[in-house]
1. Given (1) surrounded by 16 or more Cβ atoms within 10 Å (Cβ to Cβ); (2) under 30 Å from G133 (Cα atoms), where does N151 come up short, assuming only one miss?
2. May I ask you to say which residue of D99, D111 is surrounded by fewer than 24 Cβ atoms within 10 Å (Cβ to Cβ) and either farther than 19 Å from V75 by Cβ or touching a residue at least 40 places away in the same chain (Cβ under 8 Å) (or both)?
3. Could you grab me the full set of residues in the stretch 165-213 that are of a type in the set (A, V, I, L, M), within 15 Å of L35 (Cβ to Cβ) and assigned to a loop (DSSP other than H, G, I, E, B)?
4. When you check G93 against the structure, is it at pLDDT 95 or above, farther than 30 Å from L230 by Cβ and in contact with a helix residue (DSSP H, G or I) (Cβ under 6 Å, 6 or more places away or on another chain), yes or no?
5. Which of the residues belonging to the stretch 222-260 are part of a loop (DSSP other than H, G, I, E, B) and crowded, with 16+ Cβ neighbours inside 10 Å?
6. Residues that are modelled with pLDDT under 95 and among the hydroxyl-bearing types (S, T, Y): does the stretch 233-244 have at least one?
7. If you take the residues in the stretch 34-48 that are more than 16 Å from the chain's Cα centre (by Cα) and part of a helix (DSSP H, G or I), which one is surrounded by the most Cβ atoms within 10 Å (Cβ to Cβ)?
8. Of the conditions (1) surrounded by 14 or more Cβ atoms within 10 Å (Cβ to Cβ); (2) among the hydroxyl-bearing types (S, T, Y); (3) without any contact (Cβ under 8 Å) to a residue 60 or more places away in the chain, Y84 satisfies every one except a single condition; which number is it?
Amino acid sequence: MQKTTESSSKYEGLEKMSTIELLTNINNEDKTVPLAIEKELNNIEKFINAAFKNMSQGGRLFYIGAGTSGRLGIVDASECPPTYGVPFDLVNGIIAGGDGAIRKAVEFAEDDYEQGWKDLQDNGINSGDVLVGIAASGSTPYVLGAINRANSQGVLTCGLSCNAGSLLSQQAQYAITPVVGPEFVTGSTRMKAGTAQKLVLNMISTTLMIKLGRVQGNKMVDMQLSNHKLVDRGAKMVQEKTGVDYEVAKELLLTHGSVRSAVNFYSSTK
């Protein structure tokens with residue numbers, strides 16, 4: 001099967017292009033990514049609805065991948081606790097080669113068919129959880145092995161890849177396959193494929209957090225107060241909700257730890 005992620009770039013002589021030519025052509029290719037994702041919205045919806053059913057009953061979300069795909073999963077997972085105030089083990093990112101591979105590639109880690117499931121077991125995955133396998137090619141052994149073992153153990157699975165008809169899309173219970181075509185630099189899937197994966201993961205986690213009640217209106221009412229900027233943002237949100245002045249709002253926020261708790265406390269006293 002021809003993998004479009006490995007197909008030759010539409011552009012020749014990249015080293016002869018000027019800086020603005022390079023930037024323009026990369027930008028033109030990047031513009032096609034949201035259109036590829038748009039074609040997958042129905043598949044994304046189906047998976048999210050299934051995942052929400054599990055997570056609303058206590059299930060957790062796992063991402064697993066190698067290289068760029070694994071790093072993207074870790075980025076998305078690590079941003080959920082501070083953004084939405086959820087437990088650190090609710091959304092989990094697993095990468096081939098372990099945490100060391102986040103910064104430095106681990107040779108041949110992605111080729112181990114058995115290790116992905118072992119890594120998931122180390123994190124206590126069970127049949128109530130949800131697993132998203134991420135692989136631009138859709139053929140990474142580390143991810144495929146994890147998906148197949150997860151299927152056999154009753155775990156809800158989804159495959160996110162960028163090749164139509166990939167092994168991952170065939171073997172996962174749900175498939176999300178934004179086909180972005182050849183990369184600007186042939187085979188450099190950290191570019192359009194990576195961008196597509198990042199956008200889809202944002203959609204998945206953000207929609208799930210909203211459906212799980214972690215957003216009110218359009219505000220992150222459970223965000224962690226981990227820096228001055230977020231404290232200021234939270235105080236203004238409390239001020240907007242309650243009508244108190246800024247300093248009172250800030251005191252309420254810091255006393256009760258979140259916008260939601262501060263507003264609920266204030267409302268209970270009125």
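The values are calculated or read from the model by the stated rules, or taken from the named source; none is laboratory data. Everything quoted here is computed from the prediction, not taken from an experiment. Cβ: placed from backbone, ideal geometry, glycine included. Neighbour counts: every protein chain shown.
1. (1)
2. D111
3. Across the stretch 165-213, the qualifying residues are V179, V180.
4. Details: at pLDDT 95 or above: yes; farther than 30 Å from L230 by Cβ: no; in contact with a helix residue (DSSP H, G or I) (Cβ under 6 Å, 6 or more places away or on another chain): yes.
Judged against the criteria, G93 is not a match.
5. Narrowing the stretch 222-260 to residues part of a loop (DSSP other than H, G, I, E, B): 222-227, 243-245, 257-258.
Those that are part of a loop (DSSP other than H, G, I, E, B) and crowded, with 16+ Cβ neighbours inside 10 Å: D222, M223, Q224, L225, V244, S258.
6. yes
7. Step one: filter the stretch 34-48 for residues more than 16 Å from the chain's Cα centre (by Cα), giving 35-36, 38-39, 42, 46.
From what is left, the residues that are part of a helix (DSSP H, G or I) are 35-36, 38, 42, 46.
Numbers: L35: 10, A36: 20, E38: 9, N42: 8, K46: 15.
My answer is A36.
8. All conditions are met except number (3).
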